[in-house]
Amino acid sequence: MRHGKSGYPDGVSDHERPLAERGRREAALAGDWFRRDGIEVDAVICSTATRTRQTLERTGVTAPTTFVEDVYGGMPEHILEAVRAHAPADAQTVLVVGHEPGMPMTARALDPGAEIGHFPTSAYAVLSVQVPWDRIGGADDAASFQGLFIPR
């Protein structure tokens, strides 16, 4: 999931930027969609940035969460390493909350044939992974893109 639309208050560093009202509203809607579609999140890996933390909070997802600095500004290899290192082996569904371009690039890396166009704020991609979390993104990974959802 990409974080919700952020604000740009004067004097606030990029890492500390908060969600804008639209971002708060759309992140909450994403959480509603998770519940509507039966997506039960077992674990969360989240960037340390303020806007990702606020996005997670607004979704209403209460699964155990690990905050990982490398997801902030991370490229696919960093994000996948965070999943390999922090996703519990018994988790069925792991939510990763991050940024652009890392989140869409990671989805494309997991399924290179996926038709993923624009990946706006609060959007989330659903992928089915056929290997244990500690092997995600490896040569034997058989991830398949299930869809991109844009809560509006």
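The values are calculated or read from the model by the stated rules, or taken from the named source; none is laboratory data. A quick note: this is a predicted structure, and the numbers were derived from the prediction, not measured. Reconstructed Cβ throughout: ideal geometry from the backbone, glycine too, with neighbour counts over all protein chains shown. With ligands, DNA and RNA removed, areas are computed over all heavy atoms of the protein, side chains included. Shrake-Rupley method; radii C 1.70, N 1.55, O 1.52, S 1.80 Å.
Between Glu21 and Ile116, the contour length at 0.36 nm per residue exceeds the alpha carbon distance by 31.6 nm. With 0.36 nm allotted per residue and the present C-alpha distance subtracted, the Arg152-Thr66 stretch has 28.2 nm of extension available. Ranking Thr50, Thr55 by solvent-accessible area of protein heavy atoms (1.4 Å probe, all protein chains present), from largest to smallest, gives Thr50, Thr55. If you take the charge dipole of the range 1-118 about its Cα centre, with +1 on Lys and Arg Cβ and -1 on Asp and Glu Cβ, which of Ala27, Ser13, Gly74 is farthest toward its positive end? So the residue we want is Ala27. The packing ranking of peptides 133-143, 68-78, highest mean first, is 68-78, 133-143, where packing means the average number of other beta carbon atoms within 10 angstrom of each residue.
In units of the rule-of-thumb radius 2.2 N^0.38 Å, the chain shows an alpha carbon radius of gyration of 0.97.
Less than 11 Å Cβ to Cβ from Ala82, Lys/Arg counted +1 and Asp/Glu -1: what total charge do the surrounding residues give? Taking every Cβ under 11 Å from that of Ala82, the sum is -3. Counting protein heavy atoms only, the range 99-152 has 53 percent of its accessible area on carbon and sulfur, 1.4 angstrom probe. If we count every other residue with Cβ under 15 angstrom of Ala43's Cβ, Lys/Arg +1 and Asp/Glu -1, where does the sum land? Charge balance in the 15 Å sphere: -3.
On the principal axes of its alpha carbon atoms, the range 21-71 extends 30, 27, 13 Å, with the longest extent given first.
Computed about the Cα centre, the dipole magnitude for the range 1-127 is approximately 400 debye when only Lys and Arg (+1) and Asp and Glu (-1) carry charge, each at its Cβ.
Ranked by solvent-accessible area (1.4 Å probe, protein heavy atoms only, all chains present), the residues Glu26, Glu100, Glu115 order from largest to smallest as Glu115, Glu100, Glu26.
Counting only alpha carbon atoms, the long axis of helix 76-86 and the longest principal axis of the chain meet at about 80°.
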